[in-house]
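In what follows, a single structure is set out as structure tokens and then discussed.
The values are calculated or read from the model by the stated rules, or taken from the named source; none is laboratory data. Fair warning: this is a prediction, and the values are worked out from it, not measured in the lab. Here the Cβ positions follow ideal geometry from the backbone for every residue, glycine too, while neighbour counts run over all protein chains shown.
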């Protein structure tokens, strides 16, 4: 086997893994966009107070899937599975943009979002994806490094999930709002914190050196 052939053979599994990772990011972006849209669909019963349990569940799901850590995670994951900083920056913007396109396209097709689907405040989210996606993609690229910097980069998203409810003060029962809203705020906060802590533990277990004794 020649040197070139050996290199191709060695890089084969890495290339396949990278392709699977990118396909996973595409699937996640599409799923986040669609679930985000579906969680915004309401009904007459929910609006009239006849389906408060369903309303609380829908609001809980909406707050979870629309959390900043989830959308930032798309950009970070996209940057992790590419092989250059430039690709990481581009992918970091492309992943949340794809999720937004799925979200608003579903709204346009079904008519749920009306005539303002591609106008007004909705365009702000595309601008946010274009501005914040590239640096988040670079964070994902940095997370590949087996260094302290790489470890810190890998912890950005789970740490954000933990800190968000604490900083915003949503980890409590808000008696000033109807109970479905209060329950959704509390449930989504608990889910984000638990998911963030689990992410920190998994990353730490994968990346920290294990003692042989």
Inset, instruction - Find all pairs meeting these conditions: Cβ atoms under 8 angstrom apart; at least six residues apart or on different chains; first residue within region 20-44 and over 23 Å from residue 113 (Cα atoms); second residue not in a helix (DSSP H, G or I). - result: 21/81; 22/81; 22/82; 24/81; 25/81
Inset, instruction - Kindly indicate the residue of region 106-126 that is free of Cβ contacts under 8 Å to residues at least 40 places away in the same chain and under 21 Å from the mean Cα position of the chain (by Cα) and also farthest from residue 144 (Cα to Cα) among those meeting that condition. - result: 121
Inset, instruction - For region 1-101, please list each of the helices (runs of 4 or more DSSP H) lying entirely inside it that holds at least 3 residues being modelled with pLDDT of 85 or more and either buried (at least 20 other Cβ atoms within 10 Å of the Cβ) or touching a helix residue (DSSP H, G or I) at 6+ places or on another chain (Cβ under 8 Å) (or both). - result: 3-38, 52-65, 68-80
Inset, instruction - Starting from residues that are more than 19 Å from residue 91 (Cα to Cα) and touching a residue at least 40 places away in the same chain (Cβ under 8 Å), keep the ones in region 141-153 and report whichever is surrounded by the most Cβ atoms within 10 Å (Cβ to Cβ). - result: 151
Inset, instruction - Would you tally the residues in region 102-140 being surrounded by fewer than 18 Cβ atoms within 10 Å (Cβ to Cβ) and either at pLDDT 90 or above or more than 18 Å from residue 35 (Cα to Cα) (or both)? - result: 18
Inset, instruction - Quickly run through region 154-180 and pick out the residues that are surrounded by 16 or more Cβ atoms within 10 Å (Cβ to Cβ), assigned to a helix (DSSP H, G or I) and over 15 Å from the mean Cα position of the chain (by Cα). - result: 165, 180
